[in-house]
């Protein structure tokens, strides 16, 4: 579904789909709020998808073919398979490669976004989908940000929400004191580029000396 369309007309024409999406979000929220690691989040997602597809649904209660779950109703449907090259082209527009600096930050669209200090100088991937931005290292998410766009729909106006994930990567030196996400500046806006000064053209005219040197000197 293309959510870039006019939201009012899209909602009126597909109102039941929005209700289903909202119900799915609420059903999964209770499980995702309890996870503390990326592996646990993947397990919670897999469990939710399995339960949602296998359990009987209210919408199918009146069917006379004994198919009451999405898996039973749509089990015969197969989607179009994509090659790895096609998937690469599809996701290329949302994935950006950067390198963590010595403090564990990546620079992206005039913002410094924290990943992990222990991974300084290591390559990182940035996934941007809508207003959700994730900093990732070797398929493990390090931090996630909610971004707000400027009128050009490209550069960020603000990063109001930040979240660090529990990862096995930790600085061997450790921190002198632990800071929560409200005190740790995970996202820092960089100053805009200063306008480049135009170089003054050097004149080819050479000014003669004010006083001619005497021939005897």
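The values are calculated or read from the model by the stated rules, or taken from the named source; none is laboratory data. Since the model is a prediction, treat every value here as computed from it, not as a measurement. Glycine also receives a Cβ, built like all others from the backbone with ideal geometry; neighbour counts cover every protein chain displayed.
Against the definition (more than 30 Å from residue 192 (Cβ to Cβ), touching a helix residue (DSSP H, G or I) at 6+ places or on another chain (Cβ under 6 Å), modelled with pLDDT of 85 or more and surrounded by 11 or more Cβ atoms within 10 Å (Cβ to Cβ)), how does residue 28 come out, yes or no? Even if it seems obvious, please write down each step before you answer.
On the way: more than 30 Å from residue 192 (Cβ to Cβ): yes; touching a helix residue (DSSP H, G or I) at 6+ places or on another chain (Cβ under 6 Å): yes; modelled with pLDDT of 85 or more: no; surrounded by 11 or more Cβ atoms within 10 Å (Cβ to Cβ): yes.
For residue 28, the condition - more than 30 Å from residue 192 (Cβ to Cβ), touching a helix residue (DSSP H, G or I) at 6+ places or on another chain (Cβ under 6 Å), modelled with pLDDT of 85 or more and surrounded by 11 or more Cβ atoms within 10 Å (Cβ to Cβ) - is not met.
For (1) at pLDDT below 80; (2) not assigned by TED's automatic domain parsing to the domain that holds residue 119, each residue gets a yes or a no:
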residue: 45; (1), (2): no, yes
residue: 51; (1), (2): no, yes
residue: 54; (1), (2): no, yes
residue: 69; (1), (2): no, yes
residue: 90; (1), (2): yes, no
residue: 95; (1), (2): no, no
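Is it true that residue 153 is in a strand (DSSP E or B) and either under 18 Å from residue 192 (Cα atoms) or more than 15 Å from the chain's Cα centre (by Cα) (or both)?
So residue 153 does not fit the description; no.
For every residue, the table says whether it meets (1) touching a strand residue (DSSP E or B) at 6+ places or on another chain (Cβ under 8 Å); (2) part of a loop (DSSP other than H, G, I, E, B); (3) surrounded by 13 or more Cβ atoms within 10 Å (Cβ to Cβ).
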residue	(1), (2), (3)
73	no, no, yes
76	no, yes, no
82	no, yes, no
112	yes, no, yes
142	yes, no, yes
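Considering every residue within the stretch 91-102, establish whether at least one is surrounded by 17 or more Cβ atoms within 10 Å (Cβ to Cβ), in contact (Cβ under 8 Å) with a residue 12 or more places away in the chain, in contact with a helix residue (DSSP H, G or I) (Cβ under 6 Å, 6 or more places away or on another chain) and more than 15 Å from residue 187 (Cα to Cα). Full working, then the answer.
From the stretch 91-102, those surrounded by 17 or more Cβ atoms within 10 Å (Cβ to Cβ) are 100; that's our starting set.
In the following step, the residues that additionally are in contact (Cβ under 8 Å) with a residue 12 or more places away in the chain were identified as 100.
This time we only want the ones that are in contact with a helix residue (DSSP H, G or I) (Cβ under 6 Å, 6 or more places away or on another chain), so: 100.
Adding the requirement that they be more than 15 Å from residue 187 (Cα to Cα) leaves none.
For the stretch 91-102, residues surrounded by 17 or more Cβ atoms within 10 Å (Cβ to Cβ), in contact (Cβ under 8 Å) with a residue 12 or more places away in the chain, in contact with a helix residue (DSSP H, G or I) (Cβ under 6 Å, 6 or more places away or on another chain) and more than 15 Å from residue 187 (Cα to Cα): absent.
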